[in-house]
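S.K.: A single structure is presented below for examination.
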């Protein structure tokens with residue numbers, strides 16, 4: 001059934017159809033309506049499993065409870081974003097280290113300081129190497145659909161999955177969504193058969209201390225499993241399409257980029273804006289397309305290189321910017337394209353909720369296509385202000401010294 | 001319908017985000033695509049807040065804020081002196097203002113030179129809400145007025161959206177306020 005709903009509610013309803021056994025969350029900012037919606041459905045008995053909803057005192061506790069419940073072999077879910085994700089960071093690494101197939105929504109938001117509650121992707125990027133699979137949604141339709149896939153990916157591989165959904169732009173936006181049915185989800189997602197489960201009748205430990213004699217092997221094994229996840233992620237997306245009759249997820253999606261000279265690469269909801277831009281250029285017969293990366297971790301570098309080997313220039317547009325690194329996605333792309341002739345441009349935008357306007361991005365793309373763009377550029381950054389303050393602060397520091 | 005874009009200005013607590021939500025649901029009930037995106041300011045009662053709605057016959061992909069609206073709904077008259085309120089309004093667009101004053105009294109005629117008089121309406125939405133709902137939350141009345149001024153939506157679709165969002169006496173009160181504003185704007189349009 002087609003519905004006009006808020007993104008968070010579309011996600012909550014998709015999760016409910018997955019029959020989770022446990023939902024645990026800290027319900028204060030930075031949280032979304034997802035867990036509020038789930039709490040409501042659990043209370044009203046609308047989830048067709050014996051689902052427990054546990055309200056806890058922090059994000060650290062929320063993921064810790066999921067670790068405990070997942071270790072007993074039950075389907076476990078939580079959601080957070082921004083500072084909440086950072087606060088649970090220790091548990092994030094433990095969940096993947098213990099190979100517990102937890103699913104967590106990240107309602108992508110900036111991380112402080114300064115304090116900021118708005119959308120960017122710094123939060124999930126900060127934990128990109130924590131051993132969790134990360135998949136990104138472009139629309140609310142995809143956000144719901146990716147959660148259904150996420151449980152299957154996580155449980156089939158025994159690796160936890162973060163589903164990244166742009167905060168506000170998706171989580172708080174109303175748009176139409178085709179709701180899945182219980183029958184479709186049941187056909188697609190089998191009951192959870194844990195690879196390992198704590199059982200009083202057959203005692204074992206999960207996540208016990210491992211000393212220097214075996215720690216490296218455990219880590220190497222985990223990374224090997226992680227690196228093998230790409231193929232199943234793609235297969236599960238194709239299987240989803242067969243049952244639900246629509247595309248969602250997978251490693252990547254071309255939009256007029258199969259043969260284009262210039263390709264815009266990005267993650268998440270900005271792909272919608274980029275597709276509108278591509279249509280405008282295509283009207284003028286410009287050889288440009290966009291390429292959406294659906295699965296960010298593991299990073300499908302080899303596959304992307306294969307898909308975009310024809311491109312003369314690749315413009316990576318992303319909503320994160322880190323000291324000493326710059327844009328994470330641009331760095332991943334540069335590694336994947338090492339030795340290739342394609343020029344990789346890094347474009348940073350949308351930090352702390354600053355809108356990414358078509359007009360502003362098109363100015364940057366125009367310059368890239370004239371080969372006049374710097375290797376690193378910013379969408380609508382007030383450079384004069386930054387430079388003036390830099391001088392002022394430098395003077396202050398030297399006077400103070 | 002090609003793309004039609006609405007920007008709603010108001011203050012925290014006036015239902016600016018709910019107004020966008022209900023408009024998008026009303027459009028959806030007519031079988032069209034709609035996108036509503038809130039632009040939260042700091043989450044405080046009384047702080048200026050905006051929300052955006054897009055309607056189209058086609059899939060809506062862009063996620064940028066509405067910068068060149070076809071219609072402005074202004075829920076709080078004290079915002080008319082902010083430059084950002086009227087920024088980008090399309091020539092020939094629509095403006096619906098919640099106020100007991102006239103455009104002349106507000107001294108904003110200059111900003112609205114390119115808006116035809118029948119596209120420019122004031123309605124005492126807070127008063128209608130107080131009368132029908134018992135609380136001065138103007139959003140439902142304004143989307144009722146929107147239906148009348150733009151002709152983009154049936155008032156029945158607005159009612160359906162209100163009843164999806166609220167139930168019982170609150171739904172009844174909001175629906176009555178929306179219909180009253182609809183009638184008032186229709187009547188005012190007829191007189192011009």
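S.K.: Which of the strands (runs of 3 or more DSSP E) found entirely inside segment A:238-296 contain at least 3 residues meeting this: within 14 Å of chain B (Cβ to nearest Cβ)?
M.R.: No strands (runs of 3 or more DSSP E) qualify here.
S.K.: Right, something else. Applying the selection to segment A:148-171, what residues are within 14 Å of another protein chain (Cβ to nearest Cβ) and surrounded by 24 or more Cβ atoms within 10 Å (Cβ to Cβ)?
M.R.: Within segment A:148-171, A:165, A:166, A:167, A:169, A:170, A:171 meet the criteria.
S.K.: Can you tell me which residue is surrounded by the most Cβ atoms within 10 Å (Cβ to Cβ) among those in segment A:224-266 that are under 20 Å from residue B:60 (Cβ atoms) and touching a residue at least 40 places away in the same chain (Cβ under 8 Å)?
M.R.: By that ranking, first place goes to A:264.
S.K.: Scan segment A:339-357 for residues that are surrounded by fewer than 16 Cβ atoms within 10 Å (Cβ to Cβ) and in contact with a helix residue (DSSP H, G or I) (Cβ under 9 Å, 6 or more places away or on another chain) and jot them down.
M.R.: A:340
S.K.: Please find, within segment A:83-98, the residue that is surrounded by the most Cβ atoms within 10 Å (Cβ to Cβ) out of those that are closer than 18 Å to residue A:171 by Cβ and out of contact with any strand residue (DSSP E or B) (no Cβ under 8 Å at 6 or more places or on another chain).
M.R.: The residue in question is A:84.
S.K.: Then there is this: Of the residues B:129, B:109, which single one is closer than 16 Å to residue B:19 by Cα and in contact with a helix residue (DSSP H, G or I) (Cβ under 8 Å, 6 or more places away or on another chain)?
M.R.: Criteria check complete, one pass: B:129.
S.K.: Among the residues of segment B:128-147, are any in contact with a strand residue (DSSP E or B) (Cβ under 9 Å, 6 or more places away or on another chain), away from chain A (no Cβ under 14 Å), over 12 Å from residue B:181 (Cβ atoms) and in contact (Cβ under 8 Å) with a residue 60 or more places away in the chain?
M.R.: Looking through segment B:128-147, none of the residues is in contact with a strand residue (DSSP E or B) (Cβ under 9 Å, 6 or more places away or on another chain), away from chain A (no Cβ under 14 Å), over 12 Å from residue B:181 (Cβ atoms) and in contact (Cβ under 8 Å) with a residue 60 or more places away in the chain.
S.K.: Which residues, taken from segment B:49-71, are within 17 Å of residue B:146 (Cα to Cα) and either under 13 Å from the mean Cα position of the chain (by Cα) or at the interface with chain A (Cβ under 7 Å from one of its Cβ atoms) (or both)?
M.R.: Across segment B:49-71, the qualifying residues are B:50, B:51, B:52, B:53, B:54, B:69, B:70, B:71.
S.K.: Next up: Only strands (runs of 3 or more DSSP E) wholly contained in segment B:20-100 count here; list those with 3 or more residues that are free of Cβ contacts under 8 Å to residues at least 40 places away in the same chain and either loosely packed, with under 14 Cβ neighbours inside 10 Å or touching a strand residue (DSSP E or B) at 6+ places or on another chain (Cβ under 7 Å) (or both).
M.R.: B:33-39
S.K.: Output the residues belonging to segment A:172-203 that are part of a loop (DSSP other than H, G, I, E, B), away from chain B (no Cβ under 14 Å) and within 24 Å of residue A:145 (Cα to Cα).
M.R.: If the condition is that a residue be part of a loop (DSSP other than H, G, I, E, B), away from chain B (no Cβ under 14 Å) and within 24 Å of residue A:145 (Cα to Cα), then A:180, A:181, A:189, A:190, A:191, A:192, A:193, A:194 are the ones that fit.
S.K.: Being farther than 24 Å from residue A:155 by Cβ, at pLDDT 95 or above and assigned by TED's automatic domain parsing to the domain that holds residue A:146, is that true of even one residue in segment A:63-83?
M.R.: So far as segment A:63-83 goes, yes, one or more of its residues are farther than 24 Å from residue A:155 by Cβ, at pLDDT 95 or above and assigned by TED's automatic domain parsing to the domain that holds residue A:146.
S.K.: Mind checking which residues of segment A:1-25 are touching a helix residue (DSSP H, G or I) at 6+ places or on another chain (Cβ under 6 Å) and farther than 23 Å from residue A:173 by Cβ?
M.R.: Within segment A:1-25, A:22, A:24 meet the criteria.
The values are calculated or read from the model by the stated rules, or taken from the named source; none is laboratory data. Everything numeric in this text was worked out from a predicted model, so none of it was measured. Neighbour counts are summed over all protein chains in view; Cβ atoms, including those assigned to glycine, are modelled from backbone coordinates with ideal geometry.
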